[in-house]
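Student: Got a structure here, written out as structure tokens. Questions coming.
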Amino acid sequence: MSDMIKCPSCAENNLPDQEFCQYCQTRLQPLTDPLDGADAPIKPGQAPTKINTAELEPILPQWLRDARDSARKDDQQAAQQNLQQPSQPKPASSAKDPLAGLQSQAGDEEDMPDRLASITGVTSKPIKSRTESFAVRWVELGGKDDFAKDESDGSSSDLAGLKSSEPQPDENNEVRDWFRNLGNPEQAQQPEQSDSTDSDLPDWLTQMATKENLQPEGTPPDDSADVLDNSPVPSSDVPDWLRVLGSQNEKSKSADSADHSESSVGEPPAGIMSEEAESPSDSPKPDQDKSFEWLKSTVPATSGEEIPDWLSNDAAVPPTFTAAEDESAELKDAQSNGISDRSETVALQSPIHTESEEKSIEPAQDADTLGWLNTFQAVSAYQPENSLAQADFTPLDFAEDFQASDNMDGLFTDIPDELMSALEAPPSSLPTADAYSETIAPDDQTSWVEAMRSVDSGISKLSSNFPADQTVESSGVLAGLSGVLPSGPGFAQMSRPKAYSTKLQVSDEQQAQAALLEQILAAETAPVPIASFSVLRTSHSLRWFLAFIVFVMITIPLFMRTQMFSLPVGVPMDVNGALQVAQTIPESAPVLVAFDYEPARVGEMEAAAAPMFDQMILLRHPHLTFISTNETGAILVERFISGPLAVHNYQSGIQYLNLGYLPGGQMGIRAFAQNPRVTAPFDMSFSSAWDSIPLAGISSLSQFAALIVITDDAEAARTWIEQTESARGAVPFVVISSAQSAPMIQPYYESQQISGLVPGLYGGALFEQYNAGRPGSARSYWDAYSLGMLLAMALVLGGGLWNLALGLRERVAAWETQ
Amino acid sequence: MVFSSDLVTGLLSFLFTILIFSYLIGDNPLFRIAVYIFVGVSSGYLAALAWWQVIVPRLIYPLVYGSVLEKAFTAIPLLGAVLILMKISPRLAGLARIAMAFLVGAGAAVIIAGALSGTLLPQIAATINAFDLSAASARNISVVEVVFNGAFILAGTVFTLIYFHFGASTKADGSIRRLKLIEINALVGRIFIGITLGTIFAGVYAAALTALIERISSLINFIGNY
């Protein structure tokens, strides 16, 4: 029988290997695979999660506190009215106030356990008797000032607060009636109890009551434990998983001490337990009687037609008690630390969203009507004498009150989707308890439940070491809540940060190492001296000495106007070519002269060019046209005409014409070679150049009789040679260059691109020999020049020999040492 | 006392020559004064030269007094000048690229064409024709001299080019060296290069010596005249 699976739709039994109901084709086996790994359900013997309900008070929102305050006031007024009219109980709850039924009871303080006493701030009183009648009572969360007291009492105190208070015999009687009604449908149909609740109860509860009337009698009327033990429900109707749980619970009871077993068995679900434990109520609450009244009518109504989810959850609560039994010790520890617990927070926000209830969700989904009834009766049967905690089987009351509230949806906002889906699932889709007897073991929890357990345990460990954080959240979904986020390392700064000195604290060894590092870095960045040559150490004085020698050797011949050295003999071919040009140009022929040298070279260039121009003027009286690509060339032309050639009295515009500066560099020369009239239309006096006498009839470069370039730069000579090569034709081309650029221009003569070359003072001296010694500047410089050149040769030779001697001496010394 | 222009120019020349010669004792304020004066005078002279030698005769005058064709041709460089002036504004500096591109392109074309036609090809031809006896006879050069000059020029050219050949291979010991034949020829090339550099140095020394002689001679002449 136990292997049969009861269809959740038609309640017919099916074979366990069938996937679908053979009567209504409803799926019997779940589609999901068994959970394993991280999502595996919690197994028996696994460490339970610490549940701390003591610090829920600080996290309550202000509106809840206000509601509670107002409810407390109403309770006080109602208590006074009850004292005056004890026979007229008030409704258990108000539909407007969802927590109205959570009124505290003044009498609870007498039985308040230490951990709850620490919450309320009232010293707990010793538990009078375990056998006292108990009753399910609503406990309201106390005020903030009522918390945070010592909860160092033993586990026995956990359930002390759950006991019914003695000053409320009526209430206890009501509780007993509640259980009494489990087996006594007649009392459940008492008009005075049902009248007040029928109007508030939904239809399904009414139907449940009707079903309950059909249950056999035999439930002990006075004690819930007896009710459970003596439940007349046949064991065959009890689901297997409940039967197993009952047997386990009995085993645990026999093994544990009396207090422990009492607390473990009777410990309610976390959420509800938390609310009860945090109740700082001062006065009894007669309104709760109403909640039991409807429960009286609810419990017998165990028809299998429609079972609400919350009621199904209640059917699975006993297993959670078993699970919570193992957690009682840790729970007390956590509560004694006075630190808020996340599980409690969750439980407070949503009473169903507790660990214990989460365990019971799946069974509730599987339970049908009959199964639920059997379950409930089975629970009553396996609850022994310590039915005090079982009397706190308040989820029914709470759920009723909860559903009666207008803000029910808002309280479910934090329920996980799985739980929400379970709650919202239609009863017809719920499998039977038998079908889930194996998969919904008491410790079988889903992954998110397990995750919550782990988080809670971690947080409770953290919170056990740090005081509670009463910080009120200012924004977000937790706005208005205080102490929601637990304090701990990494979560918040618990104390004033330690002041550290800004001074570097180093030891002597570290300082020594730092100094060593600095030395290494300094050595790396220090320049490495390059080995210098010892022979150059006296260069400064040697330089002064050489300068003095050269200066004296030059000044003396110039000052004395000596002619010790004869002019060079023989005419090189390049100079000879220039000489031929100077002597062969036509009479009064136009000659184009390019002045492209720097003023610093005036002495050399004039000495080199003056003999040729003197001879050429003397012999051919050419018309000279000067142009310069150098900015200072124009004034150097004037200096040249008025200096070395002053004796010829050449007049500008008549015998010579200065075209001035030719801009554009190589492009300017190229343009001038192609079209000189357009490129240089004016002379220095800003008059038309090409209409003057020197340029009369000249329109192109090839019409000049000769082209002479006076330059100290080989590049200038090369430019003139390159850019005028195609334009000048067969016009003789002579370059008068400086001595420093002559070697570079010599190849152009060898390649016959130029007709002659006059290299510096040497070339001028040659020309003077063929010009009767005129103008004589080369001759005046020649002795000094010759001495200077001899001195240079002597110094170079002497220096070389000196270095050779030094080198030989070093080598000999090195050879002798070897 | 009347100061002639020759006396003034002679005094200035003597003074600035002494100031420049003071550099022999190192950098000093007198030398700096002379240099700054030269720089300032040169700048002023260049500005005047640019105005009177370039802008007025080659830009303004054609635009004012030139024909239509001259004005049209002058407008092109004027536009180029305006575009180059756009470099003053960073926002319009890109416009100057047009004129600069024209200048760079035209300049490169002129230089390359001139170098090819005026230097490279003629120099190669001259090296090849070093042994041209007919050309040598035309210049009244003996055959021996032609052969010797041609061989010397050819050897100098070849060995110098070999010296600048830096291709090498890895030896067995791991060292990287050129071939032995190339090494020997490169050594000869180094001799030719040394001779060339010595010649250039001699020319530089001769030019500087001539300039020094001229300056000292001018000082002596100035002192002797006055």
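The values are calculated or read from the model by the stated rules, or taken from the named source; none is laboratory data. The structure presented is a predicted model; accordingly, all values stated were derived computationally and were not measured. We place every Cβ from the backbone using ideal geometry, glycine too, and count neighbours over all the protein chains shown.
Student: With the requirement that a residue be part of a loop (DSSP other than H, G, I, E, B) and more than 14 Å from chain B (Cβ to nearest Cβ), what does the stretch A:679-704 give you?
Tutor: A:ASP691, A:SER692, A:ILE693, A:PRO694, A:LEU695, A:ALA696, A:GLY697, A:ILE698, A:SER699, A:SER700, A:PHE704 - these are the residues of the stretch A:679-704 that are part of a loop (DSSP other than H, G, I, E, B) and more than 14 Å from chain B (Cβ to nearest Cβ).
Student: Right, something else. Here's a check for you: in the stretch A:652-678, which residue that is among the polar types (S, T, N, Q) and either within 11 Å of chain B (Cβ to nearest Cβ) or not in a strand (DSSP E or B) (or both) is surrounded by the most Cβ atoms within 10 Å (Cβ to Cβ)?
Tutor: Looking at residues that are among the polar types (S, T, N, Q) and either within 11 Å of chain B (Cβ to nearest Cβ) or not in a strand (DSSP E or B) (or both), I get A:ASN658.
Student: Going by the structure shown, is B:TYR45 outside the structural domain of B:SER218 (by TED's automatic domain parsing) and modelled with pLDDT of 90 or more?
Tutor: Against the criterion (outside the structural domain of B:SER218 (by TED's automatic domain parsing) and modelled with pLDDT of 90 or more), B:TYR45 qualifies.
Student: Regarding the stretch A:586-609, can at least one residue be identified that is β-branched (Val, Ile, Thr) and in contact (Cβ under 8 Å) with a residue 60 or more places away in the chain?
Tutor: Yes, some residue in the stretch A:586-609 is β-branched (Val, Ile, Thr) and in contact (Cβ under 8 Å) with a residue 60 or more places away in the chain.
Student: Right, another one. If you go through the stretch A:561-570 one residue at a time, do you hit one that is aromatic (Phe, Trp, Tyr), in the same structural domain as A:ILE736 (by TED's automatic domain parsing) and surrounded by 14 or more Cβ atoms within 10 Å (Cβ to Cβ)?
Tutor: First, the residues of the stretch A:561-570 that are aromatic (Phe, Trp, Tyr): A:565.
If we keep only those that are in the same structural domain as A:ILE736 (by TED's automatic domain parsing) as well, we get none.
The answer is no; no qualifying residue exists.
Student: Going by what's in this entry, would A:TYR656 be described as over 13 Å from A:HIS623 (Cα atoms) and in the same structural domain as A:VAL734 (by TED's automatic domain parsing)? Explain how you work it out, then say what you get.
Tutor: Values: over 13 Å from A:HIS623 (Cα atoms): no; in the same structural domain as A:VAL734 (by TED's automatic domain parsing): yes.
No, not satisfied.
This table checks each residue for (1) modelled with pLDDT of 90 or more; (2) more than 12 Å from chain B (Cβ to nearest Cβ); (3) crowded, with 16+ Cβ neighbours inside 10 Å.
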{"residue": "A:ALA578", "(1), (2), (3)": "yes, yes, yes"}
{"residue": "A:VAL593", "(1), (2), (3)": "yes, yes, yes"}
{"residue": "A:GLY603", "(1), (2), (3)": "no, no, yes"}
{"residue": "A:ALA609", "(1), (2), (3)": "yes, yes, yes"}
{"residue": "A:LEU619", "(1), (2), (3)": "no, yes, no"}
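Student: Here is a follow-up. Any idea which of (1) buried (at least 22 other Cβ atoms within 10 Å of the Cβ); (2) modelled with pLDDT of 90 or more; (3) charged (D, E, K, R) is the one A:GLU768 doesn't satisfy?
Tutor: Going through the list (1) buried (at least 22 other Cβ atoms within 10 Å of the Cβ); (2) modelled with pLDDT of 90 or more; (3) charged (D, E, K, R), A:GLU768 breaks only (2).
Student: So which residues in the stretch B:86-118 are at the interface with another protein chain (Cβ under 10 Å from one of its Cβ atoms) and more than 30 Å from B:LEU161 (Cα to Cα), if there are any at all?
Tutor: Passing the criteria: B:LEU103, B:ALA106.
Student: Now for a separate question. Take A:LEU707 and tell me if it is away from chain B (no Cβ under 12 Å), touching a helix residue (DSSP H, G or I) at 6+ places or on another chain (Cβ under 9 Å) and modelled with pLDDT under 90.
Tutor: Criteria not met by A:LEU707.
Student: Scan the stretch A:714-739 residue by residue and report those that are modelled with pLDDT under 90 and within 13 Å of chain B (Cβ to nearest Cβ).
Tutor: A:GLU725, A:SER726, A:ALA727, A:ARG728
Student: Oh, and also: Grab the helices (runs of 4 or more DSSP H) fully contained in the stretch B:17-85, keeping just those with 1 or more residues being exposed (fewer than 13 other Cβ atoms within 10 Å of the Cβ) and away from chain A (no Cβ under 14 Å).
Tutor: Fully inside the stretch B:17-85 and qualifying: B:29-49, B:68-85.
Student: Separate question: How many residues does the stretch A:751-782 contain that are of a type in the set (A, V, I, L, M, F, W, C), more than 12 Å from chain B (Cβ to nearest Cβ) and not in a loop (DSSP other than H, G, I, E, B)?
Tutor: Within the stretch A:751-782, residues that are of a type in the set (A, V, I, L, M, F, W, C), more than 12 Å from chain B (Cβ to nearest Cβ) and not in a loop (DSSP other than H, G, I, E, B) number 4.
Student: Quick check on A:ILE627: is it of a type outside the set (Lys, Arg) and crowded, with 19+ Cβ neighbours inside 10 Å? Give the derivation first.
Tutor: Numbers: of a type outside the set (Lys, Arg): yes; crowded, with 19+ Cβ neighbours inside 10 Å: yes.
Criteria met by A:ILE627.
Student: Residues to consider are B:ILE191, B:ILE213, B:ILE200, B:ILE141; find the one that is closer than 30 Å to A:ILE754 by Cα, in contact (Cβ under 8 Å) with a residue 24 or more places away in the chain, of a type in the set (A, V, I, L, M, F, W, C) and surrounded by 11 or more Cβ atoms within 10 Å (Cβ to Cβ).
Tutor: Just one listed residue meets the conditions, B:ILE191.
Student: With a cut-off of at least 1 residues that are away from chain A (no Cβ under 12 Å) and hydrophobic (A, V, I, L, M, F, W, C), name the helices (runs of 4 or more DSSP H) lying wholly within the stretch B:119-226.
Tutor: B:133-138, B:143-163, B:180-225
Residues are listed down the side, and each one gets a yes or a no for (1) outside any loop (DSSP other than H, G, I, E, B); (2) among the β-branched types (Val, Ile, Thr):
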| position | (1), (2) |
| --- | --- |
| A:LEU521 | yes, no |
| A:PRO527 | no, no |
| A:PHE548 | yes, no |
| A:THR555 | yes, yes |
| A:VAL575 | yes, yes |
| A:LEU579 | yes, no |
| A:ALA582 | yes, no |
| A:SER588 | no, no |
| A:VAL593 | yes, yes |
